[in-house]
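See structure below.
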Ligand SMILES: Nc1nc2c(ncn2[C@@H]2O[C@H](COP(=O)(O)OP(=O)(O)O)[C@@H](O)[C@H]2O)c(=O)[nH]1
Ligand SMILES: [Mg+2]
């Protein structure tokens, strides 16, 4: 038995993990919010049982509509998300939220800001909100977020929100987990230009100009419309530009409508299925890379391959050694 980091654990250890994992998985599938929280924590900690839980529940995932909300800090993403949550709850949906906060690099735990913004849902089991630190993830932020979404999905929540700040490469990768991506901007100077620079223009399915109560919103909306993008996938979909006021909820019904219409459009065209398949392919690739790198590191540090590095430097063939490490790996799989 191997844990996600590839370390061997004893048989007794394996049994213990299995029992705990099964218990959490069962309760999670029943929709238990505490089991969900626990499972996500195990995923974040790269605990060996996380992999088992994910395996146990994955057949039940795939029904949730994952909506990514990205944009500069302070643009009102959490406020708008809160409005979406309220409407979804009224319509009878169960909701999960992952809020990635880049400003708290090493806390690894709860980040208050986003929770405070969405706190009126505390006490409602139909809303699960989880903050995730942007950095400090062993297997990468994107993989932690993706697995957390999968767990939320499997727990019977049919709407998932994924809030990130549209800055770094890792946040962009996180956004690829979303079925529908909402890019939030504001009339504050520079925001719309910043979006284009950061390269998130291409991933937008819906544009939101939030803080439409402030002057200049119509101008920013016009600028975004004038960008006139080509449809990005196999769906003929022109990203709409919607003005909202997060604090009052103005425009949020329209936003919700656009989000649902986008989802229906990509489901109809087959793009949703295709995107999910592409994502799985990328995910498998990432897992192989992580494990192979881990294997190579251990072989070179502790295993027989380490001795290959002694002796005359000129006689060391890195390609040959790499090939042997990979082949040793392959023979173990079969
Ligand atoms: N004037 C105005 N302020 C807003 C609006 N939406 C959100 N805010 C405020 O903007 C600040 C940042 O909001 P928040 O949702 O935390 O932004 P985030 O960092 O993008 O998640 C808060 O003080 C909100 O009350 C809006 O439509 N108009
Ligand atoms: Mg926020």
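Extension gain for residue 125-residue 310 works out to 60.7 nm (0.36 nm per residue, less the C-alpha to C-alpha distance).
For the peptides 80-86, 211-217, the ranking by mean Cβ contacts within 10 Å, running from highest to lowest, is 80-86, 211-217. If you wrap a convex hull around the Cα atoms of segment 280-333, how much volume per residue is inside, in Å³? Hull volume normalised by residue count: 81 Å³. Sorting 26-32, 92-98, 301-307 by average packing, meaning the other beta carbons within 10 Å per residue, from highest down gives 92-98, 26-32, 301-307.
Ranked by the mean number of other Cβ atoms within 10 Å of their residues, highest first, the peptides 45-52, 312-319 come out as 45-52, 312-319.
Where a number appears in this text, it was derived from the coordinates with a stated rule and is not lab data. Bear in mind the structure is a predicted one, so any value in this text is a computation, not a measurement. Cβ atoms come from the backbone with ideal geometry, glycine included; neighbour counts cover every protein chain shown.
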